[in-house]
Structures are given as structure tokens and as C-alpha cells.
Amino acid sequence: MIIINIKSPYEIELIEKACKIVSDTHKHLEQFIRPGITTKELDEIAEKFIREAGAIPSFKNYQGFPASICTSINEEVVHGIPSSRKLKKGDIISIDIGVCYKGYHGDSAWTYAVGKISPEKERLLKHTEKALYEGLKVIKSGVRIGDIGHAISSYVKKFNYGVVRELVGHGIGKELHELPDVPNYGKPGTGPLLKEGMVIAVEPMINLRTHEIYIKEDGWTIVSKDNSPSAHFEHTVLVTKEGVKILTKR
Ligand code: MG
Ligand code: MG
């Protein structure tokens, strides 16, 4: 049996504040996403914005991660390290942002188009975002973790996309990653039970073709095995009696 934290109203308030800073940072950063900007510049803009909001970037130095946000381009799935690489027209970039406010975390990722992108990338983004909401739709008190993953993977299956299995969503609160794991696949009616007051991050990572991945030499960047494009959409949500409250709403 695993123990999952139920958050107090006070804790929820702080998590909500952290999540608000996360979505504000996304909104602020979005205007800078265009050909020519480097991912390092995006990282600097995000870090400054987060600190000015009175918070701390959760990812900085997390298990040694060297930057404030993750920037994953095209075939990079997650955990891309900001660098001097410039964005090009036609790229897609997944930006993952975590924020710690007064000891509580919020976490949200979004994949953005850089200028005009190919129709197949456009569809991948659309359906991965849709898969996230399909997963969120089933959540309420009394539902099990497997129900979420089942909703996500059965939606994505229609398009023959690959659902990444090695990386999963998670509980969140005092720690950036808490129990339970929230896989993007699963059997209905299985896994830990969700209860009112739990806070989880749901985050489908979907590859255009194979679900298989590998880790680059930098020890961080996760890449699709066949180098096909990959998308990542994530919200932090509060489980309620009737459904979810999306805390990182844009
Ligand atoms: Mg994240
Ligand atoms: Mg996360």
C-alpha cells in the first residue's frame, strides 16, 4: 500500500500560488518563442520572471539539473538542457516549468510551435494536448490512477502515436515529485485510489512514431529512439469530489 498526501486547505492555497506563477511564466515566455532565440535566453527570461514573483525555479539543481526550465526540441521528449542552440522555423519546443513558492511546488509543461510547422507536427501537438484533457476528464474522488492512463493511451492509440512509458506524472506538493506515479497508460480500475485533496501532475509525453526512447550523452535529455518528433503537455491539478481543478490553467 502506498501513502498519498491529502493536502490541507492552507497547503492547497500555496500550491495554487506556485501554479499561478508557473502559468504566468509560460504566458510571459510564449511571446519570446521565435526563430533565432536561444534556449539559454529563454531559461534566463523564465528564471528572472520566477524570482521576481517571489518564487524559486524548482528544477534548478534538482538532482543536479543545471538550469531553471527544461527545453526539449523536436525529437527531444523531456529534460532538454537550455543551451546556445537557436530555435528554427518549423521546430517544436516543449517547455517544462516548475516553481517553488513558500515551500510548495507547481509544475506544467507545454509544447510550442516555432513559426509555421509541418501538418504532422501540428496534429501531434493538437492530439497530445487533447490526450492530457482526456486524462483529466476522468479524474475525481473515487477513481483509480489506472483510469487516467487508460483514458490517455486509448485516445492516442487512434493515431498510432507512441506513449512514452519510462516517464510518468506524479503527486506534487512539498516535494516536486511525490507519490503516486501517474503513468500515461494503464488498466481501468487499477492502481492507487484518488481522493479529494490530492494534488497530481498529469503529463502525457507522446512520440509521433515509436514509444521507445534513449538518454543522450549529457545524461539528461530524453530522445525518441527513431528521432521522430515528441510532444509534452502537463497540468498540475487538484482532485475534488466532482472532478478536477486545473491549477496551472493558462
Ligand atoms: Mg513538468
Ligand atoms: Mg511533472
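The values are calculated or read from the model by the stated rules, or taken from the named source; none is laboratory data. Quick caveat: nothing in here was measured; it's all calculated off a predicted structure. Here the Cβ positions follow ideal geometry from the backbone for every residue, glycine too, while neighbour counts run over all protein chains shown. Protein only, heavy atoms only, side chains kept; ligands, DNA and RNA dropped before computing areas. Shrake-Rupley method; radii C 1.70, N 1.55, O 1.52, S 1.80 Å.
Values computed for the structure shown
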| quantity | calculated |
| --- | --- |
| Cut-off 11 Å between beta-carbons: net charge of the residues surrounding Lys137, Lys and Arg +1, Asp and Glu -1 | 0 |
| Cα gyration tensor shape of the stretch 150-228, rounded if a/c is under 1.5, else prolate or oblate by comparing a/b with b/c | oblate |
| Reach of Lys121 by Cα under 27 Å, taken over lysines that are not fewer than 8 positions away in the same chain | Lys27, Lys40, Lys86, Lys88, Lys89, Lys130, Lys137, Lys157, Lys158, Lys216, Lys225, Lys249 |
| Peptides ranked, highest mean first, by Cβ atoms within 10 Å: ranges 58-66, 212-220 | 58-66, 212-220 |
| Backbone N within the stretch 1-38 under 17 Å of label point (7 Å from Lys174 Cα along the Cβ vector) | 3-16 |
| The chain - percent of accessible surface contributed by carbon and sulfur, probe 1.4 Å | 52 percent |
| 4 °C / 1.567 mPa s Stokes-Einstein diffusion coefficient of the chain, Kirkwood radius on C-alpha pairs, µm²/s | 73 µm²/s |
| Probe 1.4 Å, protein heavy atoms only - accessible area per residue of the chain in square angstrom | 45 Å² |
| FRET efficiency for Lys249 and Glu30, using Cβ-Cβ distance with R0 set to 22 Å, rounded to 0.05 | 0.90 |
| The stretch 9-246: relative contact order in percent, alpha carbon pairs under 8 Å with at least 6 residues between | 21 percent |
| Modelled FRET efficiency - R0 35 Å, Ile2 with Lys216, Cβ distances, 0.05 increments | 0.65 |
| Neighbour net charge for Ile45 - beta-carbon separation under 13 angstrom, K R +1, D E -1 | -2 |
